1. Check off (1) within 16 Å of the ligand (Cβ to nearest atom); (2) among the aromatic types (F, W, Y); (3) surrounded by fewer than 24 Cβ atoms within 10 Å (Cβ to Cβ) for Y198 and give me the number that stays unchecked.
2. Scan the stretch 250-291 for residues that are of a type in the set (G, A, S) and either within 15 Å of the ligand (Cβ to nearest atom) or modelled with pLDDT of 95 or more (or both) and jot them down.
3. Return the only residue of G49, G41, G31 being among the small types (G, A, S) and at pLDDT below 95.
4. Return the only residue of V226, V231, V213, V243 being within 16 Å of the ligand (Cβ to nearest atom) and not aromatic (F, W, Y).
5. Out of G135, G97, G171, which single residue is more than 17 Å from the chain's Cα centre (by Cα), within 30 Å of G281 (Cβ to Cβ) and within 16 Å of the ligand (Cβ to nearest atom)?
6. Only residues in the stretch 158-176 that are touching a residue at least 60 places away in the same chain (Cβ under 8 Å) count as the first member; pair them with residues that are more than 12 Å from the ligand (Cβ to nearest atom) and not in a helix (DSSP H, G or I), Cβ under 6 angstrom, at least 6 apart or cross-chain, and list the lot.
7. Here are some residues: K76, K90. Which one is more than 14 Å from the ligand (Cβ to nearest atom), out of contact with any Asp or Glu (no Cβ under 7 Å at 6 or more places or on another chain) and not in a loop (DSSP other than H, G, I, E, B)?
Amino acid sequence: MDGPKVPPAPASPLEQYLQRLYDKFARLEDGQVATYIPELGRARASWFGIAIATVDGRVYDVGNSQVPFTIQSISKPLVYGLALESCGVKGVLKKVGVEPSGEAFNSISLDPHTGRPLNPMINAGAIATTSLVPGTDPGSRWTQLLDTFSAFAGRSLGMDESVYISERDTGHRNRAIAHLLRNFGILEANPEEPLDLYFRQCSVSVTCRDLAVMAACLANGGVNPVTGRRVLEPRNTGRVLSVMTSCGMYDYSGEWIYSVGLPAKSGVAGGILAVLPGQFGIGVFSPPLDERGNSVRGVQVCEAISREL
Ligand code: GLU
């Protein structure tokens, strides 16, 4: 026999707020799902999830917050943090600068004399950063990278094999960039190795709830507020937040600082990770992108949160 029905717990004010954001922006139908690699084109335009993780370890989410998608360029700040931890700021600055490029993610923005990429958020800088992931061989570097991402998310993450294969087999421009970096001595060994690791890091599968927890680690000085584990030193957390602030949103970065002001990073699968330092992390997922490659609904949600909270 069934017992008396327990009524569902009333939604907290933050959950109600997220639901209002969801209802408001779910109606937006602008933007295009990325198709530059065939696998990404399979995403549904209607998928939409929002999550917030607070620095005291609470997570709130609405919509398709459990649908997995690939992290893509949102991997870049995490790997930048890993490189800082293992090589120190001087070692990293030798290979990649911290100047905003104001250009598209796949631009070939290298210093004309040294070949050093302008910043770690464009592909050239990200591939250079990936070459600094510590390990004795490709397998151990991949394990180190995936373990780091998992520590940020507070759960064990994996890779979307078919997106990885798609990236690897069609990434001719990234391959060209990696070989150019080798030509300048920014990459010091076989460029195919960090390139393969870069394709893998872009293909790590996450949910927008994961992005919110990852962002909350950055909001919380480098400690995952859900697991209590330190994932990044405080000084490196500040450095990661700085490059996200100035370079995180592709060629929309300048306007983004002006109108939203939150350190953030977007990816072409439709994710955005944004940080309100000391308060909470935000993860948004919605595949249709604007012409700069940022999630249309994601940008609106972040703008609204920054304005209203
Ligand atoms: N894997 C993508 C590339 O390098 C990342 C694109 C992105 O999210 O900006 O082409």
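The values are calculated or read from the model by the stated rules, or taken from the named source; none is laboratory data. This is a predicted model, so every value here is computed, not measured. Cβ placement follows ideal geometry from the backbone for every residue including glycine, while neighbour counts extend to all protein chains displayed.
1. It fails just one condition, (3).
2. First pass over the stretch 250-291, keeping only residues of a type in the set (G, A, S): 253-254, 259, 261, 264, 266-267, 269-271, 274, 278, 281, 283, 286.
Listed by number, the residues that qualify are S253, A264, S266, G267, A269, G270, G271, A274, G278, G281, G283, S286.
3. Values: G49 fails: at pLDDT below 95; G31 fails: at pLDDT below 95.
Among G49, G41, G31, only G41 is among the small types (G, A, S) and at pLDDT below 95.
4. Numbers: V226 fails: within 16 Å of the ligand (Cβ to nearest atom); V231 fails: within 16 Å of the ligand (Cβ to nearest atom); V213 fails: within 16 Å of the ligand (Cβ to nearest atom).
Exactly one of V226, V231, V213, V243 is within 16 Å of the ligand (Cβ to nearest atom) and not aromatic (F, W, Y), namely V243.
5. Values: G135 fails: within 16 Å of the ligand (Cβ to nearest atom); G97 fails: within 16 Å of the ligand (Cβ to nearest atom).
Only one candidate qualifies: G171.
6. Close Cβ pairs satisfying both conditions: D160/S205.
7. Details: K76 fails: more than 14 Å from the ligand (Cβ to nearest atom).
The unique qualifying residue is K90.
Residue by residue, here is whether (1) in contact (Cβ under 8 Å) with a residue 24 or more places away in the chain; (2) among the charged types (D, E, K, R); (3) buried (at least 21 other Cβ atoms within 10 Å of the Cβ); (4) on the phi > 0 side of the Ramachandran plot holds:
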residue	(1), (2), (3), (4)
T35	no, no, no, no
S75	yes, no, yes, no
A83	yes, no, yes, no
K90	no, yes, no, no
